[in-house]
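Peer 1: The structure follows.
The values are calculated or read from the model by the stated rules, or taken from the named source; none is laboratory data. For clarity, every value in this text was computed on a predicted model and none was experimentally measured. Here the Cβ positions follow ideal geometry from the backbone for every residue, glycine too, while neighbour counts run over all protein chains shown. The accessibility values were calculated without ligands, DNA or RNA, using every heavy atom of the protein model including side chains. Shrake-Rupley method; radii C 1.70, N 1.55, O 1.52, S 1.80 Å.
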Amino acid sequence: MSKNNIERISGRAPDELRNVSIKAGVIKNADGSALIEFGKNKIMAAVFGPKEVHPKHMMISDRAIIKCRYHMMPFSTDTRKRPNISRREIEISKVIREALQPAIIMEDYPRTAIEIYIEVLQSDGGSRCAAINAASTALADAGINMRDLVTACAAGKVDGQVVLDVDDTEDKTGEADMPIALLPNTGLITLFQLDGNLSKEEFDKALELAKTGCDKLYKLQRDALSEKYFDGKNGNKEE
Amino acid sequence: MKTNSVERKYVMPGDVVIEGDHNPIANVIKSGNKIISTKIGMAEIAYNGVRVIPLNGTYIPRMDDVVIGKVADMNGFAWEVDINSWFFGILTGSAVFGRQFSSSRDSMKSQFDKGECLIAKILSFDRTRDPLISVSGPGLGKIKEGEIAYITSSKIPRVIGKKGAMIKLIEENTGCRMTIGQNGAILLKGTDEARTKARNAIKLIGNQAHTSDLNDKVISLISK
């Protein structure tokens with residue numbers, strides 16, 4: 001039973017993203033950085049490296065290793081979050097690392113480490129997608145060789161309706177949440193998770209919807225980088 | 001295809017620079033018959049191939065580059081020099097004292113101590129080992145006076161300019177002597193005022209390296 005175009009809690013249309021803004025190069029001490037505001041999410045990503053590997057036994061002789069840390073600030077949630085790295089943060093660090101890894105040309109930096117630090121200043125639903133967008137912008141800002149940027153967006157099912165970009169309230173009341181990350185120029189998917197149940201038709205629709213969301217976010221990532229490097233001239237990309 | 005014209009455009013990682021049979025030179029990868037950029041920068045399509053001049057990134061040591069570094073650590077056999085790259089440059093004792101070097105006889109500290117700066121040349125580097133550096137040669141050795149300014153290493157060619165035009169322009173107009181390290185460190189020697197002017201000029205080049213008429217901008221900044 002699918003009702004058409006019922007009102008979402010936030011008042012958005014089913015295929016509407018939250019307000020997103022990305023800014024590149026916000027931290028001077030890091031080699032590359034980005035700040036993303038994704039609805040109520042506020043996430044900062046900083047990239048250091050390539051640099052020497054510590055501890056030394058983790059070094060790989062023919063390629064770089066990638067260290068990724070996703071962390072939520074104690075004040076990022078409604079009730080204070082303990083500042084220790086939780087099980088959930090370890091898991092998200094891993095999926096973000098694996099989502100970014102295919103884009104980075106690790107063979108260009110043998111015996112080095114590339115460190116990605118992600119801090120969630122304020123959290124809402126979909127923080128892993130927002131974090132991936134920020135981290136890939138920060139990687140490009142750090143001048144690390146990449147095959148492509150990485151763009152992430154979620155789709156899901158709320159009140160029987162397939163919607164784009166599930167936020168926190170919708171995630172709790174809804175039936176499914178499906179974050180994906182992809183390389184926008186080739187369309188290769190690097191992160192795929194599905195929490196909940198979707199029928200075959202709903203799944204196809206949700207995947208299509210998430211891809212359109214990724215397209216919009218890719219443009220915003222490009223805007224953020226071209227603002228910093230080309231005075232707002234948007235590369236050579238045809239709009 | 002025209003032989004001497006060079007086509008330029010801004011690119012980001014993942015952008016297709018050009019399609020067709022071209023020779024990838026630097027910061028691009030070939031995927032099928034597409035040439036794809038791997039960095040943010042200015043793509044140059046010339047008759048001999050395609051390259052991207054990056055606008056950011058860490059310095060990658062190359063043989064025979066002159067670099068400016070700071071002694072970060074030392075042991076009985078070698079100095080580790082911070083050359084603004086992924087690895088420390090290794091200056092061996094025998095490169096300074098000669099073949100007869102013996103760690104018991106020669107005092108390492110008599111030559112370079114921790115925190116001292118030096119101008120050196122990269123002897124070898126191939127990413128499998130730390131870069132080896134040497135201080136024997138004209139103009140190389142310990143830095144005794146001056147100050148060091150930093151810029152992204154990919155912008156060093158703009159500081160030098162065509163056949164040294166920019167460096168000459170800054171030196172003549174400020175009275176400040178500059179020694180350029182390919183790792184993005186520039187040694188400035190001169191009066192306080194001269195150094196400040198030169199430092200500001202370098203900062204301007206760092207911010208506006210990708211724009212045209214850089215010469216005029218630098219002149220107007222210095223003569224202010």
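Peer 1: Any chance segment B:127-142 includes a residue that's within 17 Å of residue B:66 (Cα to Cα), at pLDDT 90 or above, away from chain A (no Cβ under 14 Å) and out of contact with any strand residue (DSSP E or B) (no Cβ under 9 Å at 6 or more places or on another chain)?
Peer 2: yes
Peer 1: Taking segment A:43-86, which residues are among the acidic types (Asp, Glu) and surrounded by 14 or more Cβ atoms within 10 Å (Cβ to Cβ)?
Peer 2: A:52, the sole residue that qualifies.
Peer 1: Let me ask another. I'm trying to understand the selection: among the residues of segment B:179-200, which are closer than 24 Å to residue B:65 by Cβ and in a loop (DSSP other than H, G, I, E, B)?
Peer 2: B:181, B:182, B:183, B:184
Peer 1: Can you run down the residue pairs with Cβ atoms below 8 Å, 6 or more apart or on separate chains, where the first is in segment B:157-172 and in the same structural domain as residue B:215 (by TED's automatic domain parsing) and the partner is loosely packed, with under 14 Cβ neighbours inside 10 Å and in a helix (DSSP H, G or I)?
Peer 2: Short answer, once both residue conditions are applied: B:161/B:168; B:161/B:215; B:165/B:215; B:166/B:215; B:169/B:215.
Peer 1: I'd like to know if segment B:53-64 contains one or more residues that are free of Cβ contacts under 8 Å to residues at least 40 places away in the same chain, in contact with a strand residue (DSSP E or B) (Cβ under 9 Å, 6 or more places away or on another chain) and within 21 Å of residue A:227 (Cα to Cα).
Peer 2: No, segment B:53-64 contains no residue that is free of Cβ contacts under 8 Å to residues at least 40 places away in the same chain, in contact with a strand residue (DSSP E or B) (Cβ under 9 Å, 6 or more places away or on another chain) and within 21 Å of residue A:227 (Cα to Cα).
Peer 1: So which residues in segment B:24-62 are away from chain A (no Cβ under 11 Å), closer than 24 Å to residue B:125 by Cβ, open to solvent by 30 Å² or more (accessible area, probe 1.4 Å) and over 20 Å from the mean Cα position of the chain (by Cα)?
Peer 2: If the condition is that a residue be away from chain A (no Cβ under 11 Å), closer than 24 Å to residue B:125 by Cβ, open to solvent by 30 Å² or more (accessible area, probe 1.4 Å) and over 20 Å from the mean Cα position of the chain (by Cα), then B:24 is the only one that fits.
Peer 1: While we're on this one: Please specify each residue of segment A:221-235 satisfying the condition of being of a type outside the set (Asp, Glu) and either surrounded by fewer than 18 Cβ atoms within 10 Å (Cβ to Cβ) or closer than 17 Å to residue A:13 by Cα (or both).
Peer 2: Selection gives A:232, A:233, A:234.
Peer 1: Hey, another quick one. Name every residue in segment A:28-42 that is in a loop (DSSP other than H, G, I, E, B) and open to solvent by 70 Å² or more (accessible area, probe 1.4 Å), in order of residue number.
Peer 2: A:28, A:29, A:31, A:40
Peer 1: In this structure, is residue A:176 more than 14 Å from chain B (Cβ to nearest Cβ), under 30 Å from residue A:142 (Cβ atoms) and of a type in the set (Gly, Ala, Ser)?
Peer 2: no
Peer 1: Right, next: Would you point out the residue of segment B:1-23, among those that are of a type in the set (Ser, Thr, Tyr) and more than 10 Å from chain A (Cβ to nearest Cβ), that is most open to solvent (accessible area, probe 1.4 Å)?
Peer 2: B:3
Peer 1: Of all the residues that make up segment B:122-139, how many are open to solvent by 70 Å² or more (accessible area, probe 1.4 Å) and part of a strand (DSSP E or B)?
Peer 2: Summing the residues that are open to solvent by 70 Å² or more (accessible area, probe 1.4 Å) and part of a strand (DSSP E or B) in segment B:122-139 gives 1.
Peer 1: Now a separate question. Could you grab me the full set of residues in segment A:111-158 that are in a loop (DSSP other than H, G, I, E, B), open to solvent by 10 Å² or more (accessible area, probe 1.4 Å) and over 30 Å from residue B:129 (Cα atoms)?
Peer 2: Selection gives A:123, A:124, A:126.
Peer 1: Checking the conditions here, which among B:70, B:142, B:114 is of a type in the set (D, E, K, R), open to solvent by 40 Å² or more (accessible area, probe 1.4 Å) and touching a Phe, Trp or Tyr at 6+ places or on another chain (Cβ under 8 Å)?
Peer 2: Testing whether each residue is of a type in the set (D, E, K, R), open to solvent by 40 Å² or more (accessible area, probe 1.4 Å) and touching a Phe, Trp or Tyr at 6+ places or on another chain (Cβ under 8 Å) leaves just B:142.
Peer 1: Please verify whether segment A:193-203 includes one or more residues that are within 14 Å of another protein chain (Cβ to nearest Cβ), without any contact (Cβ under 8 Å) to a residue 40 or more places away in the chain, open to solvent by 10 Å² or more (accessible area, probe 1.4 Å) and not hydroxyl-bearing (Ser, Thr, Tyr).
Peer 2: no
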